[in-house]
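Worksheet: the structure to be examined is printed underneath.
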C-alpha cells in the first residue's frame with residue numbers, strides 16, 4: 001500500500017535557519033537513516049520525498065462557482081507549515097510507523113493513498 005507522509009513544522013525545537021551546522025547535520029543524518037532503513041526492509045520503498053520551502057512561499061488555489069482564485073501564503077487554517085513529505089510503499093501502517101521513528105521529531109500525518117485508474 002502507498003502512504004503519503006506529511007512532515008508538519010520543521011521537526012526541531014528551533015527553526016532550520018537558526019540551527020547550527022552540527023544540528024542541521026544531525027537532522028540530515030536522521031533522514032539518511034530513514035532512507036537506509038526503508039531500503040533494507042522488504043516491501044518498503046520511498047517513491048518520492050522532498051523538503052518544502054517556507055510556508056510563506058506557498059500558493060493556495062480555490063475554485064468557487066467555476067472561478068479560480070490564487071492567494072499567497074499557506075492555507076489559512078494551517079497552524080504550522082509542511083516541512084516536507086514522503087510517498088512510501090509499505091506492506092502496512094505498522095511497518096511504516098516503526099521505520100519513521102528514526103526521523104526528526106515532526107508531527108506527522110500519514111494518509112493511505114487510493115488507487116484510482118483513469
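The values are calculated or read from the model by the stated rules, or taken from the named source; none is laboratory data. It should be emphasised that the depicted structure is a prediction, and the values quoted were computed from it without experimental measurement. We place every Cβ from the backbone using ideal geometry, glycine too, and count neighbours over all the protein chains shown.
List of remarks:
- Any hit, the stretch 87-104, residues being at positive phi and over 16 Å from the mean Cα position of the chain (by Cα): no
- Consider the stretch 26-52 and keep the residues that are surrounded by 12 or more Cβ atoms within 10 Å (Cβ to Cβ) and assigned to a loop (DSSP other than H, G, I, E, B). The one that is modelled with the lowest pLDDT is 52.
- Selection of first residues in the stretch 31-51 that are at negative phi and of second residues that are surrounded by 10 or more Cβ atoms within 10 Å (Cβ to Cβ) and in a helix (DSSP H, G or I), restricted to Cβ pairs under 6 Å at least 6 apart or on distinct chains, gives the following pairs, ordered by first then second residue: 37/99; 38/99; 44/38; 46/38.
- In the set 70, 118, only one residue is in a loop (DSSP other than H, G, I, E, B), without any contact (Cβ under 8 Å) to a residue 24 or more places away in the chain and more than 16 Å from the chain's Cα centre (by Cα); that residue is 118.
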